[in-house]
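Report on the following structure.
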Amino acid sequence: VLEARLKSMLREEGYENLNEAAPRVGIVMGSDSDLPVMKDAARILNMFGVSTEVRIVSAHRTPELMYSYASSARERGIQVIIAGAGGAAHLPGMVASLTPLPVIGVPVRASTLDGIDSLLSIVQMPRGVPVATVAVNNATNAGLLAVRMLGVGDADLLARMNQYQEDTRDYVLTKAEKLRK
Ligand code: RP5
């Protein structure tokens, strides 16, 4: 039921083209309430043509699913995992403890504490179990970081990242130029 709800939410957001065949990136989140934030990672990966799967996996509500997802991700061909959660946000760290793959954590701002709780829960990992934590609600950067990680072994992807950076620079310079006039 959750999967169907997730798919229909993604469709409403305009992501019906999400390329899920042989996914290289797995995006997981603790709840469908995280989707409005986490969809930005899916949008970036889609834009770069990286096949991606999106799943709801909760460290607290579905611990068995979290275990099987994280421990089987590598053998299923996933190369990077992006995990987002809010509040007592244990999902990214727990996933990182169960897989040798790089895990990018997205602290999602929940209804209280302005996301500080999520940020600290994700960033304060014990030595030995790294999670690359992006800024609160910044799933865009999680998507971009995943592209850069994959780009290390994928020259096409790295060239596209280069182009993205040039486009971003040109956009800012054009805006600055307009302001000066
Ligand atoms: C976390 O609790 C989720 O990642 C979400 O950010 C937060 C609230 O979840 P819901 O109560 O909205 O399902 O596990």
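The values are calculated or read from the model by the stated rules, or taken from the named source; none is laboratory data. Remember, it's a predicted structure, so these values are computed and weren't measured experimentally. No Cβ is skipped: glycine too gets one built from the backbone with ideal geometry, and neighbour counts run over all protein chains shown.
Pairing each residue of the stretch 152-181 that is over 21 Å from Ala142 (Cβ atoms) with any residue that is surrounded by 11 or more Cβ atoms within 10 Å (Cβ to Cβ) and at pLDDT below 95, provided the two are 6+ apart or on different chains, yields no C-beta distance under 8 Å. Residues in the stretch 45-70 that are within 26 Å of Ser111 (Cβ to Cβ), touching a helix residue (DSSP H, G or I) at 6+ places or on another chain (Cβ under 8 Å) and of a type in the set (Val, Ile, Thr): Val54, Ile56, Val57.
Return the total of residues in the stretch 127-143 being assigned to a loop (DSSP other than H, G, I, E, B) and over 21 Å from Thr99 (Cβ atoms).
Keep residues of the stretch 127-143 that are assigned to a loop (DSSP other than H, G, I, E, B), which gives 127-131, 134-138.
Okay, now just the ones that are also over 21 Å from Thr99 (Cβ atoms), so 135-138.
Number of matching residues: 4.
Under the condition of being at pLDDT 95 or above, out of contact with any helix residue (DSSP H, G or I) (no Cβ under 6 Å at 6 or more places or on another chain), small (Gly, Ala, Ser) and closer than 15 Å to Ser31 by Cα, the residues counted in the stretch 89-127 number 1. Residue count for the stretch 64-120 under the criterion of being within 12 Å of the ligand (Cβ to nearest atom) and at negative phi: the result is 21. For beta carbons closer than 8 Å, sequence separation of 6+ or different chains, a first residue in the stretch 49-68 that is farther than 24 Å from Ser8 by Cβ and a second that is away from the ligand (no atom under 13 Å from the Cβ), the qualifying pairs are Tyr67/Leu98.
Which one of Pro126, Pro107 is loosely packed, with under 13 Cβ neighbours inside 10 Å and within 15 Å of Val95 (Cβ to Cβ)? Step through it out loud before you land on a result.
Values: Pro107 fails: loosely packed, with under 13 Cβ neighbours inside 10 Å.
Going through Pro126, Pro107 in turn, just one is loosely packed, with under 13 Cβ neighbours inside 10 Å and within 15 Å of Val95 (Cβ to Cβ): Pro126.
Considering (1) within 15 Å of the ligand (Cβ to nearest atom); (2) touching a Phe, Trp or Tyr at 6+ places or on another chain (Cβ under 7 Å); (3) more than 27 Å from Arg127 (Cβ to Cβ), the lone condition that Asn46 does not fulfil carries the number (1). Listed by first and then second residue, the pairs linking a residue in the stretch 84-95 that is of a type in the set (S, T, N, Q) to a residue that is more than 8 Å from the ligand (Cβ to nearest atom) and in a strand (DSSP E or B), with Cβ atoms under 7 Å apart and 6 or more places separating them unless they lie on different chains, form an empty list.
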